[in-house]
Amino acid sequence: MRIALFEDDQAGQFAPLSLLRPVCELLCGHFTARERAVRFLPVTERGLFCRDHLTETYAEAHPEAHLNDLAWLSAGPTLLLNARWLCDPRDLARCDQDAAGIVDGEVAWLTLDPLEATLAVSQDVAAVAAQLARGRRRVKSPGRMAHYPWDLVAHNGAQLAADFAARVQSPSAIRPHLAILGDPDRVWIDHTVEIDPYVLLDARQGPIFVDAGAVIQAFTRIEGPAFIGRETQLFRTNLRAGSSLGPVCRVGGEVEASILHGYVNKYHDGFLGHAYVGPWCNLGALTTNSDLKNDYSTVRVPLTGEPIETGERKVGCFFGDHTKTAIGSGFNTGTSVGVMCQVLPGGELLPKHIPSFTRVWHGELAESLPIDRNLATARAAMNRRGVELSDAQERLLRHVFHETAPERRRALERPRPTPLSVVPPSA
């Protein structure tokens with residue numbers, strides 16, 4: 001079976017998370033959209049149609065994928081999958097070859113005939129899918145379409161439950177010393193996982209999946225639905241419902257309804273709620289974010305600097321790759337922090353918009369350190385986990401540095417709001 005995931009014109013709305021990767025590589029539940037499709041469909045060949053500047057690093061990580069390749073697309077019938085479609089994995093097998101799957105008026109999936117691939121010569125694959133869908137039998141597809149980063153977080157609990165149900169066929173062996181609340185069949189633990197005594201798994205609200213090589217230290221509490229990725233380590237962690245921890249993370253403190261993409265270090269105490277943290281971020285001790293406003297109103301998030309209404313009352317923060325926060329950093333509700341930012345707290349809440357390649361220095365937004373120094377820091381951090389910063393990744397980071405310059409300039413030129421004067425009460 002041939003499949004091709006495709007990005008559309010909404011891919012940029014997932015910044016800063018999508019600055020260094022296609023949308024199909026963002027985590028929600030147990031998997032990215034690409035991982036879910038490859039795992040639950042009999043895929044023999046796969047392609048991806050994405051923004052051009054991402055192809056070099058993607059080809060390096062996934063040499064089997066055909067990237068932006070129209071000749072490959074015309075070689076046989078291909079199931080097109082929208083990179084923003086979040087679905088129950090079992091729904092993937094129900095994609096009808098003669099129909100178009102529609103979610104809220106958008107194309108979620110459609111099978112492309114080789115002759116129809118010629119339409120992509122003059123327009124992108126997303127536009128071709130929308131055009132062809134008008135002539136197909138349109139069926140209402142299950143699932144939902146994500147539009148912004150907070151959609152991934154808001155839907156994560158439901159996706160965790162669906163992914164668990166699709167992948168777990170038999171219960172795992174439960175350790176004698178392990179305390180479980182709820183149905184033990186809703187807990188799956190790989191046999192290579194190391195779990196200390198005095199760990200509590202609460203599966204009453206949803207299932208818990210712990211992947212190979214994970215380490216869970218004593219006095220950790222995990223509340224389902226939850227996913228603990230490969231080789232991730234938990235240190236006295238209070239992991240609340242609706243959280244996904246990707247591979248090779250180190251996590252402590254309290255985490256609620258959040259996604260840590262992978263290779264994230266949040267070792268120390270501090271609260272992280274309704275957030276998405278990109279790879280290679282390091283959150284210093286007591287780094288904490290708010291995820292609820294004092295008046296309980298809906299939250300706006302300044303993605304790329306322009307406030308966007310989320311319609312959600314619980315929204316935390318979004319960190320791009322390679323960002324570092326210092327001890328005691330405090331983030332306001334609905335904060336967006338870009339790629340390769342350096343954040344030093346200044347005794348008050350930090351700016352809600354911190355563009356890529358900037359730093360917060362004594363409470364003020366400022367130009368970042370030279371990019372070569374940032375790259376050296378990234379190289380050192382990755383080496384600590386046995387991963388190399390490749391030449392292609394360095395070129396991509398330099399490209400994003402230049403592409404985000406206008407956003408950076410606007411933010412640095414914007415006057416900082418003057419604090420409200422405090423008037424003492426009359427005698």
## Note on the structure
Going through (1) of a type outside the set (Asp, Glu); (2) over 26 Å from Thr32 (Cα atoms); (3) modelled with pLDDT of 95 or more; (4) not assigned by TED's automatic domain parsing to the domain that holds Pro225 one by one, Leu181 fails only at (4)
### Message
Being assigned to a strand (DSSP E or B) and either touching a residue at least 40 places away in the same chain (Cβ under 8 Å) or out of contact with any helix residue (DSSP H, G or I) (no Cβ under 8 Å at 6 or more places or on another chain) (or both) is the requirement here; does Thr298 meet it?
### Response
no
### Query
Restricted to the stretch 1-17, and to residues that are among the small types (Gly, Ala, Ser) and outside any helix (DSSP H, G or I), which residue is farthest from Leu303 (Cα to Cα)?
Ala4
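Taking the stated definitions as given, is Pro171 in the same structural domain as Ala65 (by TED's automatic domain parsing) and closer than 30 Å to Glu256 by Cα? Explain how you work it out, then say what you get.
Details: in the same structural domain as Ala65 (by TED's automatic domain parsing): no; closer than 30 Å to Glu256 by Cα: yes.
The answer is no for Pro171.
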### Task
Could you tell me which numbered condition Val153 fails, if it satisfies all but one of (1) touching a residue at least 60 places away in the same chain (Cβ under 8 Å); (2) surrounded by fewer than 20 Cβ atoms within 10 Å (Cβ to Cβ)?
(2)
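Restricting to the stretch 208-232, name every residue that is basic (Lys, Arg) and assigned to a loop (DSSP other than H, G, I, E, B). Talk me through it step by step, then tell me what you get.
First, pick out the residues of the stretch 208-232 that are basic (Lys, Arg): 221, 230.
Scanning the stretch 208-232 gives a single hit, Arg230.
Quick one: would you say Met382 is part of a loop (DSSP other than H, G, I, E, B), aliphatic (A, V, I, L, M), touching a residue at least 40 places away in the same chain (Cβ under 8 Å) and farther than 29 Å from Asn294 by Cα? Even if it seems obvious, please write down each step before you answer.
Values: part of a loop (DSSP other than H, G, I, E, B): no; aliphatic (A, V, I, L, M): yes; touching a residue at least 40 places away in the same chain (Cβ under 8 Å): yes; farther than 29 Å from Asn294 by Cα: yes.
It is false that Met382 is part of a loop (DSSP other than H, G, I, E, B), aliphatic (A, V, I, L, M), touching a residue at least 40 places away in the same chain (Cβ under 8 Å) and farther than 29 Å from Asn294 by Cα.
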### Message
I need the full set of residues from the stretch 301-343 which are of a type in the set (A, V, I, L, M, F, W, C), surrounded by 19 or more Cβ atoms within 10 Å (Cβ to Cβ) and assigned to a loop (DSSP other than H, G, I, E, B), in order please.
### Response
Val315, Val339, Met340, Cys341
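Counting residues that are among the β-branched types (Val, Ile, Thr) and in contact with a Ser or Thr (Cβ under 6 Å, 6 or more places away or on another chain), which strands (runs of 3 or more DSSP E) fully inside the stretch 97-175 reach at least 1?
It comes to 99-103.
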### Query
Which condition breaks for Gly305 when tested against (1) closer than 21 Å to Val23 by Cα; (2) at pLDDT below 95; (3) in contact with a Phe, Trp or Tyr (Cβ under 7 Å, 6 or more places away or on another chain); (4) not acidic (Asp, Glu)?
(3)
#### Entry: Conditions (1) closer than 24 Å to Leu17 by Cβ; (2) more than 22 Å from the chain's Cα centre (by Cα); number of the one not met by Leu48
(2)
#### Entry: Criterion violated by Leu272 - all others in (1) surrounded by 20 or more Cβ atoms within 10 Å (Cβ to Cβ); (2) of a type outside the set (Gly, Ala, Ser); (3) assigned to a loop (DSSP other than H, G, I, E, B) satisfied
(3)
## Note on the structure
All-but-one check, Gln169 against (1) closer than 30 Å to Val23 by Cβ; (2) touching a residue at least 40 places away in the same chain (Cβ under 8 Å), failing number (2)
### Qualifying positions in the stretch 66-85 - crowded, with 24+ Cβ neighbours inside 10 Å, within 26 Å of the chain's Cα centre (by Cα) and not basic (Lys, Arg)
Leu80, Leu81, Asn82, Ala83, Trp85
### Message
For the stretch 21-46, give me each residue that is aliphatic (A, V, I, L, M) and part of a loop (DSSP other than H, G, I, E, B).
### Response
Leu26, Leu41, Val43
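The values are calculated or read from the model by the stated rules, or taken from the named source; none is laboratory data. On a predicted model such as this, the values are computed, not experimentally measured, just so you know. Note that we place each Cβ from the backbone using ideal geometry, even for glycine, and neighbour counts take in every protein chain shown.
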